[in-house]
1. Give me a count of the residues in region 16-74 that are among the small types (Gly, Ala, Ser) and under 28 Å from HIS5 (Cα atoms).
2. Can you find a residue that is touching an Asp or Glu at 6+ places or on another chain (Cβ under 7 Å) and not hydroxyl-bearing (Ser, Thr, Tyr) anywhere in region 44-60?
3. For region 1-49, what are the residues that are within 30 Å of LYS63 (Cβ to Cβ) and of a type in the set (Val, Ile, Thr)?
4. Could you list, in sequence order, all residues of region 1-59 that are among the acidic types (Asp, Glu) and free of Cβ contacts under 8 Å to residues at least 12 places away in the same chain?
5. So which residues in region 1-34 are closer than 30 Å to ASP71 by Cβ and of a type in the set (D, E, K, R), if there are any at all?
6. Conditions: (1) surrounded by 14 or more Cβ atoms within 10 Å (Cβ to Cβ); (2) within 8 Å of the chain's Cα centre (by Cα); (3) of a type outside the set (Val, Ile, Thr). LEU51 meets all but one. Number of the miss?
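Throughout, read-outs are computed from the coordinates displayed, never taken from laboratory work. Computed from a predicted model, the values in this text were never measured in an experiment. We place every Cβ from the backbone using ideal geometry, glycine too, and count neighbours over all the protein chains shown.
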Amino acid sequence: MEEKHWRSIAKAASWRITGTVDTTVISWIITGQLKIALSIGFVEVFTKMFLYYLHERIWNRIKVGKIIKTDYQI
């Protein structure tokens, strides 16, 4: 079974929202400055979403651990 590109994009976006909130909060705790934390979160949301998408597409090509489902039963 193969994933559609839009599914990989949706998964990347939902994961990045979670990750960006985490990164922003950690950055705020470390720096004590909300403006810097938001800047870090803004940049990383795009870079990591792109990297996650590439990661998903590469893993989609790897056959290890995948099974092919058939429509017929024996």
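1. Matching residues across region 16-74 total 3.
2. Yes, region 44-60 contains a residue that is touching an Asp or Glu at 6+ places or on another chain (Cβ under 7 Å) and not hydroxyl-bearing (Ser, Thr, Tyr).
3. ILE9, THR18, THR47
4. ASP22
5. Those that are closer than 30 Å to ASP71 by Cβ and of a type in the set (D, E, K, R): GLU2, GLU3, LYS4, ARG7, LYS11.
6. (1)
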